[in-house]
Amino acid sequence: MDDYEQIRKAYYVEGLSIRAISKQLGHSRKAIRKALEHAEPEGYQRKAPRNAPVIAPYQARIEELLKESEQLPRKQRYTGHKIYQLLQAEGYRGVKVICTATFSQQRRARKHCPAYLPLEFDIGQDAQVDWGEALAEITAYAKPYKCL
């Protein structure tokens, strides 16, 4: 993060070229261009999912248990530990951490909340203004009324 800040400062404030920044800070020109495009480093994303040979045969069963769990009352829903115990009884020989992590991933994937709340109003009933200034002439008053 500090390198990104130094690179952006050198380029935008000091007016150095990408080549000069590369020599000064010891980064590749490709890395410097990336820092100039984005204010913060991008998170790492895997290109392909990891192989999970031990848990793979049980992923469908975990999905079934997750669906079943959603139908149960809140206090009786399955936890990661309970899922692990049920799979162990069915022959799972892997570690608990992988089982609970898979359960958590599948549960999070099923929960997708909208990032916004849609606002719906009747026509002409409501108005919304974020930042602005307007001049409105209201008939009850003789002079113009300024709304902020």
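The values are calculated or read from the model by the stated rules, or taken from the named source; none is laboratory data. This structure is a prediction, so every number in the text was calculated from the model and none was measured. Using ideal geometry, Cβ is built from the backbone for each residue, glycine included, and neighbour counts are taken over all protein chains shown. In case anyone asks, the SASA skips ligands and DNA or RNA and just uses the protein heavy atoms, side chains included. Shrake-Rupley method; radii C 1.70, N 1.55, O 1.52, S 1.80 Å.
Of note:
- Wholly within region 1-71, helices (runs of 4 or more DSSP H) carrying at least 3 residues that are under 29 Å from the mean Cα position of the chain (by Cα) and of a type in the set (S, T, N, Q): 59-71
- Odd one out for Thr79 among (1) surrounded by 15 or more Cβ atoms within 10 Å (Cβ to Cβ); (2) under 25 Å from the mean Cα position of the chain (by Cα): (1)
- Among the residues of region 82-122, the ones that are closer than 17 Å to Glu70 by Cα, within 23 Å of the chain's Cα centre (by Cα) and not in a loop (DSSP other than H, G, I, E, B) come to 10 in all.
- Residues of region 92-133 satisfying the condition of being open to solvent by less than 90 Å² (accessible area, probe 1.4 Å), aromatic (Phe, Trp, Tyr) and farther than 18 Å from Arg77 by Cβ: Tyr92
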